[in-house]
Amino acid sequence: MSASSPAAVVVLAAGGGTRMKSKTPKVLHEVAGRSLVGHVVAAARELGPEQLVVVVGHAGEQVVAHLEATAASVRTAFQAEQNGTGHATRIGLQELGGVEGTVIVVCGDTPLLSGETLGALAVTHATDGNAVTVLTAEVPDSTGYGRIVRDPVSGAVTAIVEHKDASPAQHAIREINSGVFAFDGRLLVDALSKLRSDNSQGEEYLTDVLSIVREAGHRVGASVAKDHREILGINNRVQLAEARRLLNQRLLEQAMLDGVTIVDPASTLVDVTVTFGQDAVVHPGTQLLGNTHVAEDAEVGPNSRLKDTVVHEGARVDNTVSDSAEIGPGATVGPYAYLRPGTKLGAKAKAGTYVEMKNATIGEGTKVPHLSYVGDATIGDHSNIGAASVFVNYDGVNKHHTTIGSHCRTGSDNMFVAPVTVGDGVYTAAGSVITKDVPAGSLAVARGQQRNIEGWVARKRPGSAAAQAALAATQDSDGES
Ligand code: UD1
Ligand code: CA
């Protein structure tokens, strides 16, 4: 908490978000791995406020459950009817009891707002000795926003006029209300009790507090945001996509400045929780989600989606989908691999092409190169699993485990019917169905004996192309033409 830490932050998140045309409440829509309101709460927390309250209403129970699951110990207040931002603020303050000092009010639909910008607003508010400070921005298109009306002579902010209530001249104003304010707590409570709803939306506007406080003779000021894109308020899904693009760009630029190569930022998506080591490389068409970490010198992509996955130093992951997996140092994955929860690849291990793994621990240097399913398994170090092998883990009722030792060479097209244990140094024959444990150092052969019935084609398929080819082959081998 710093000297400019506010006494309270009120986050307004009760609106339904009609313009989203969604079953999901607006503030729960997601951008870069966090809900809209989650981003706002995270930025607000950077201020170190004494109290923080989120005003919920529309789908309130769902929003409260979400906040409890993601933003620990956040207080909420319930606005049963959405009578406007002023009404919502009053309900938030009632939940907190009396507030002395600075109150910051912020909308729950501005996910790009940074803690830094909120902090700058708090500092301006304190150093200028204002009763109200509004965060404004100059935008290329002010449609839908409240307009900042300034005195033509002094330049002082005199009022905020909502888009729907604005005159044609006011429509032309490009300086807009971000929806973020710093208030003197006591004056705010007093002004909120004086709000009227005689406007085009029949709502109590928080924005009217500014002119009420000013007319009562108090000092009102504005802090202009350095980057207007930060205050983008999400009202529809076009703006949602724009916010995602901008936040993604911000995250990737920071990663690049920290020494990560992002080959094509436009086709790379990351969540706010993703971290990188130096000289990590991300190829085009890649999504890195949740608590994914790409360590030093590791390479991911192209065309990969990694969620909650740790890629250790120098590993290579190509055209892969992975969820809750750990990829060891120098390991290689893909192209076209699918790693499911509980997969753990050791150092220099390999999950190759068309390989699926789940709940499997693969030892150091062990390779599963081609066309295989490895589920519920433990494989030791430096073993090789033949192409097209299946770890048969499910008997239709229960899942069972397969254990394979170190330095094994299993043949192609093996079925390991779990529960089964294969000892160290074992070889298995191609096409084997392994149903019994194999002792260390054995060769296991579990397949039918081959039988050749000579002359069968000539007898059963006379005159066919196959019979002619067979005849020609016999003549060739006899040296005749
Ligand atoms: C609001 C501002 C506008 C500003 C814009 C910035 C007002 C009257 N208007 O307009 O000046 O330019 O934000 O994005 O303040 N909410 C409640 N309860 C309510 C109504 C709204 O909690 O009764 C919440 C919403 O969930 C939302 C926020 O307040 O998070 C803003 O509401 P919204 O309807 O999006 O306001 P705008 O029309 O965008
Ligand atoms: Ca809005």
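The values are calculated or read from the model by the stated rules, or taken from the named source; none is laboratory data. In this text, all values refer to a predicted model and were calculated from it rather than measured experimentally. Here the Cβ positions follow ideal geometry from the backbone for every residue, glycine too, while neighbour counts run over all protein chains shown.
General remarks:
- Of the candidates Ala44, Ala88, Ala80, the single residue that is among the aliphatic types (A, V, I, L, M) and over 18 Å from Phe181 (Cβ atoms) is Ala80.
- For the stretch 196-234, a tally of residues being assigned to a loop (DSSP other than H, G, I, E, B) and among the β-branched types (Val, Ile, Thr) returns 2.
- Applying the criterion of being of a type in the set (A, V, I, L, M) and either at pLDDT below 95 or within 16 Å of ligand 2 (Cβ to nearest atom) (or both) to the residues of the stretch 97-119, the residue that is farthest from Ala216 (Cα to Cα) is Leu112.
- Subset of the stretch 162-190 that is within 23 Å of Leu232 (Cα to Cα) and in contact with a Gly (Cβ under 8 Å, 6 or more places away or on another chain) - its residue that is surrounded by the most Cβ atoms within 10 Å (Cβ to Cβ): Ser178
- Just one residue in the set Glu356, Glu326, Glu313, Glu296 is more than 21 Å from Ser406 (Cβ to Cβ), at pLDDT 95 or above, among the acidic types (Asp, Glu) and not in a loop (DSSP other than H, G, I, E, B); that residue is Glu356.
- Scanning the stretch 206-235 for residues that are of a type in the set (S, T, N, Q) and either surrounded by fewer than 16 Cβ atoms within 10 Å (Cβ to Cβ) or away from ligand 2 (no atom under 15 Å from the Cβ) (or both), we see that the one that is farthest from the chain's Cα centre (by Cα) is Ser211.
- Out of Lys358, Lys399, one residue alone is among the basic types (Lys, Arg), under 23 Å from Val294 (Cβ atoms) and in contact (Cβ under 8 Å) with a residue 12 or more places away in the chain. It is Lys358.
- When residues of the stretch 127-144 are limited to those that are surrounded by fewer than 16 Cβ atoms within 10 Å (Cβ to Cβ) and either more than 14 Å from ligand 2 (Cβ to nearest atom) or touching a residue at least 40 places away in the same chain (Cβ under 8 Å) (or both), the one nearest to Ala166 (Cα to Cα): Gly144
- Unmet requirement for Thr18, which otherwise passes all of (1) among the β-branched types (Val, Ile, Thr); (2) farther than 18 Å from Phe181 by Cβ; (3) surrounded by 21 or more Cβ atoms within 10 Å (Cβ to Cβ): (3)
- Search result, residues across the stretch 215-273 that are within 14 Å of ligand 1 (Cβ to nearest atom), closer than 28 Å to Leu306 by Cβ and among the polar types (S, T, N, Q): Gln239
- Top-ranked residue of the stretch 108-126 - restricted to ones that are more than 21 Å from Gln249 (Cα to Cα) and crowded, with 24+ Cβ neighbours inside 10 Å, ranked as farthest from the chain's Cα centre (by Cα): His125
- In summary, no strands (runs of 3 or more DSSP E) completely within the stretch 1-116 bear 2 or more residues that are near ligand 1 (Cβ under 9 Å from one of its atoms), farther than 25 Å from Leu240 by Cα and in contact with a strand residue (DSSP E or B) (Cβ under 9 Å, 6 or more places away or on another chain).
- In the stretch 57-96, the residues that are of a type in the set (Ser, Thr, Tyr), in contact (Cβ under 8 Å) with a residue 12 or more places away in the chain and either away from ligand 2 (no atom under 16 Å from the Cβ) or over 27 Å from Ser193 (Cα atoms) (or both): Thr70, Thr76
- Thr70 surrounded by fewer than 17 Cβ atoms within 10 Å (Cβ to Cβ) and within 22 Å of Asn236 (Cβ to Cβ): no
- For the stretch 198-215, the set of residues classified as β-branched (Val, Ile, Thr) and out of contact with any strand residue (DSSP E or B) (no Cβ under 7 Å at 6 or more places or on another chain) consists of Ile212 only.
- Count - residues of the stretch 143-169 that are within 16 Å of ligand 1 (Cβ to nearest atom) and either under 18 Å from Ser223 (Cβ atoms) or not in a loop (DSSP other than H, G, I, E, B) (or both): 14
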